[in-house]
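Quick one: this structure, given as structure tokens, is what I'll be asking you about.
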Amino acid sequence: MTRPNVSQTILKDIRALRLLVVHPDDRDREELVDQLSRIGCVFSCQWPLLDAPPPGTDMVLLAVHPDTLSQPCPWLEKPGAPPVIPIVAFENPITLAAVLHLDAFTTIASPVRPAGVLTALALTLHQSKQRRTREHYIQRLEQKAAHQHLIQKATRALMDARRLKEDEAYELLREKAMLQREPIEQVARQIIKATEALGI
Amino acid sequence: MEPIEIGVLFSSSGVTAAVEETQRRAVLLAAEEINEAGGVLGRELAPVCVDPASCPPRYGQLSEQLIFERGIRLFLGCYMSSARKAVIPLVERHDALLFYGAAYEGFEFSRNVFYGGAAPNQNILPLAGHMLARHGSRVAMVGSDYVCPYEANRVMSDLIYERGGSKALEIYLPLDATAPDYQAVAQAIRRSGADFVYSTVVGEGMALLHTALAKAGLDRLKTPIASHMCCEADIEAMGADLAEGLITCASYFESVQTEANQQALRRYRQRFGAAARSNACWEAAYVQTHLLAKAIAAAGSAEPAHIARAMAGLSLQAPQGLIRVDGHNHHTHLNARIGRCNALGSFDILAQAPEPVTADPYVMSHVPPDWATVTAPGSGHADALLAVGAP
């Protein structure tokens, strides 16, 4: 028996998304918001985008417009920035460069047609969730690697100070952490600090 | 004045001809009614019928031919989704309109299409709610191998899991599957211990499935077959004895007691013989032809762009009851009824939505409506069935 898969449950979130449409008020925007309301999305419109999307924005549909190509998007660089779906009318290298800068998963082509908008939303939702999970995982790995480095340094200090073998030194460190009810990297940091102080 | 030609894309041959032939006749009937009443804008409606032979690419080729050779830009037709998808690029490219009169899987909008049949929230959802509430939640799913059955089963599966039920099996058969294929499926269904069978088999496969299930010894009173794709035309093709007990949900049944239905049926039988049967797709084609004429009259023009604008918000006392065209998503607000096939091959209505149901072609999470799980008073037989297979 098969259970409904994850990608299917993600689709159900589409109507709960808070979308921001950053697009000049023209025929493309009309076509886009008509289709968004058919799909049943929650959205608001802005043009141009002044500083940053309002807090709580889950996704931005952004016109990559010749008039705003030079406008910087500092909010894009911030951690937790919402994913962007560029709406693209031109395919010249300057516009393409602007699109690449948005780090998008897919685009909506101008003139906007109703068919394809739902796919763009679904793809972006799915990929951005996966990207977030991946980033989180990498962060955890980096942290773990940094801790590993501390633990190794502390183990070496204990080996030197107490003339212990490596596994004995590590065991000592672990016991100390358990006794103090602190994370092992915390205890390692104390030992390194103490050794350094003694060294001076 | 020159007549207004309409391309009619319904198959008179091939696997889905039984239903499509009734749709073609419905268009002819409606056009004759319109013409007898003086036509529209003083012009006659002239249906130009072609036979795509139930072959999806042929719908595209024939519509293109009618566009190029006769300048036709108004079309009624298509039954399977694959046929509609073949025609849409052409009507979009040539600024033409397609009136599509069959229930389908939703998730579509084209400026150049008007959808006259049910979206899943208007038929699959009430049917699923009804079956799961009344017959149990261990379900055997069997369907034809194309998009509509998969989408219908997605809706059904979600509802099954929400109530902690289970799928007894899920099988898809090619459109040209043969009797032995269906016999193997029927054996598997009988062994599966399902509370009911949810069939999304279309066309000639329905008769093969029902025959195979009967042969496998499945008691349709204990383990009913539900199918939102089965209508009076399919039942006529397979014979009422094979279909008795089948439960479906549709916007229209031949047995609907409205003034408009009595009149339409009377004229239909005068024209096509006393034995002529109607069904939901027949009604949709009939209604869409009348809507088209109304829109032409309201627009004062037979230009597709003008007609499209005039279609928005049009309403009509249809054989099924009051309907209305949604100008926003081009679908139609329809009535919804749960029906059970009787020994005469027509449907006894078990439950009915209190008012027309708004089409929501893009809904993804489904909550079945209350009306579908309650049985109408007087349908005692369905109450007797309640105990069977209830969880």
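In whole angstrom, how far apart do the alpha carbon centroids of segment B:146-216 and segment A:58-105 sit?
47 Å
While we're on this one: Quick query: amide H of B:GLU170 versus all other amide H atoms, modeled in the peptide plane; which residues come in under 5 Å with a sequence gap of 5 or more or a different chain?
For B:GLU170, the qualifying residues are B:MET141.
Right, something else. Just A:ALA52, A:ALA146, A:ALA63 to compare: in a GNM of chain A, with alpha carbon springs under 10 Å, which one fluctuates most?
Residue with maximal mean-square fluctuation among A:ALA52, A:ALA146, A:ALA63: A:ALA146.
Something else now. Work out the mean other chain Cβ neighbour count within 10 Å for the residues of B:360-368 and drop it here as an integer.
Per residue, the average neighbour count from other chains is 4.
I need A:ASP51, B:ASP219, B:ASP234 ordered by Cβ neighbour count within 10 Å, fewest first.
Ordered from fewest to most neighbouring Cβ atoms within 10 Å, A:ASP51, B:ASP219, B:ASP234 come out as A:ASP51, B:ASP219, B:ASP234.
Among B:LEU292, B:LEU127, B:LEU314, which one shows the highest mean-square fluctuation when chain B is modelled as a Gaussian network with alpha-carbon springs under 10 Å?
Among B:LEU292, B:LEU127, B:LEU314, the largest mean-square fluctuation in the Gaussian network model of chain B belongs to B:LEU314.
Another question about this same structure. Tell me, Kirkwood radius of segment B:9-117 from alpha-carbon pair distances, in Å?
The answer is 14.1 Å.
In addition: Compute the Cα gyration tensor for the protein assembly as shown, then decide on rounded, prolate or oblate, letting a ≥ b ≥ c be the square roots of its eigenvalues: rounded whenever a/c is under 1.5, prolate when a/b is larger than b/c in the other cases, and oblate in all that remain.
Details: a/c = 2.99, a/b = 1.64, b/c = 1.82.
Oblate shape, in that a/c is at least 1.5 and b/c is the bigger or equal ratio.
Give the residue list of GluC sites (Glu not before Pro) in segment A:95-200 that are DSSP loop and have at most 13 other beta-carbon atoms within 10 angstrom.
Passing sites in segment A:95-200 do not exist.
Quick one: what are the phi-derived ³J(HN,Hα) couplings along segment B:305-310, Karplus 6.51/-1.76/1.60 with θ = phi - 60°, whole Hz, x for glycine and proline?
Whole-Hz 3J(HN,Hα) from phi for segment B:305-310: 5, 5, 4, 4, 5, 6.
Quick one: compute the contact order of segment B:238-359, relative version, from alpha carbon pairs under 8 angstrom and 6+ residues apart, as a percent.
Value for segment B:238-359: 34 percent.
Same structure again: Taking chain B as a Gaussian network, where each spring joins two C-alpha atoms under 10 Å apart, which residue of B:GLN270, B:GLN183, B:GLN352 fluctuates the most?
Of B:GLN270, B:GLN183, B:GLN352, the most mobile in the Gaussian network model is B:GLN270.
Relative contact order (percent) for chain B, with alpha-carbon contacts under 8 angstrom and 6 or more residues of separation? Intermediate values should be presented prior to the final figure.
Working: 856 pairs, mean separation 76.7, N = 391.
Relative contact order, chain B: 20 percent.
Now for a separate question. How long is the gain from A:LYS144 to A:ILE94 if the chain were fully straight, where each residue apart is worth 0.36 nm and the alpha carbon distance is subtracted?
Residue separation times 0.36 nm, minus the Cα-Cα distance, leaves 13.9 nm.
What residues have an amide H closer than 5 Å to that of B:VAL40, excluding those fewer than 5 places away on the same chain, when H is modeled at 1.01 Å from N in the peptide plane?
B:LEU45
Would you calculate, for chain A, the mean residue ellipticity at 222 nm contributed by helices, counting each DSSP H stretch of 4 or more residues as -39,500 (n - 2.57) and dividing by all residues, to the nearest 500?
My calculation for chain A gives -18000 deg cm²/dmol from helical runs alone.
Kindly write out, for segment B:93-103 in residue order, the coupling ³J(HN,Hα) from the Karplus curve 6.51 cos²θ - 1.76 cosθ + 1.60 (θ = phi - 60°), rounded to whole Hz, with x marking Gly and Pro.
Each residue's phi maps through the Karplus curve to give 5, 9, 6, 10, 10, 10, 9, 10, x, 9, 5 Hz.
Moving on to the next point. For the residues B:ILE349, A:ILE191, what sequence is obtained by ranking on other C-beta atoms within 10 Å, fewest first?
Values: B:ILE349 17, A:ILE191 22.
Least crowded to most crowded, the residues run B:ILE349, A:ILE191.
Still on this structure, please answer the following. Based on the Kirkwood radius over alpha-carbon pairs, what value in µm²/s does the Stokes-Einstein equation return for the translational diffusion coefficient of chain A at 37 °C and 0.692 mPa s?
Translational D for this selection: 158 µm²/s.
Hull surface divided by four, with the convex hull built on the Cα atoms of segment B:84-128: how many nm²?
3.1 nm²
Check B:GLU254: other-chain or 5+ apart residues with amide H under 5 Å from its amide H, H built from backbone geometry?
Here B:PHE347 satisfy the definition.
Here is a further query. Cα to Cα, under 27 Å, and not fewer than 8 places away if on the same chain: which lysines meet these conditions relative to A:LYS129?
Those lysines meeting the cut-off are A:LYS12, A:LYS78, A:LYS144.
So for segment B:145-227, averaging the separation of alpha carbon pairs under 8 Å that are six or more residues apart and normalising by length, what relative contact order in percent results?
Relative contact order for segment B:145-227 comes out at 32 percent.
Working from Cα positions, state the angle (0 to 90°, nearest 10) between the long axis of helix B:147-162 and the longest principal axis of chain B.
For helix B:147-162, the angle is close to 40 degrees.
In deg cm²/dmol, rounded to 500, what helix-only [θ] at 222 nm does chain B give when every DSSP H run of at least 4 residues adds -39500 (n - 2.57) and the total is split over its residues?
Calculated at 222 nm, the ellipticity per residue is -13000 deg cm²/dmol.
Hey, another quick one. What are the ³J(HN,Hα) values, in whole Hz, obtained from phi via the Karplus relation 6.51 cos²θ - 1.76 cosθ + 1.60 with θ = phi - 60°, for each residue of segment B:46-52 in sequence order, with x given for Gly and Pro?
In residue order, the calculated couplings are 10, x, 10, 8, 10, 10, x Hz.
Bear in mind that the values in this text are calculations on the coordinates, not laboratory data. Since this is a predicted model, take the numbers as computed values, not measurements. All Cβ positions, glycine included, derive from the backbone under ideal geometry; neighbour counts span all protein chains shown.
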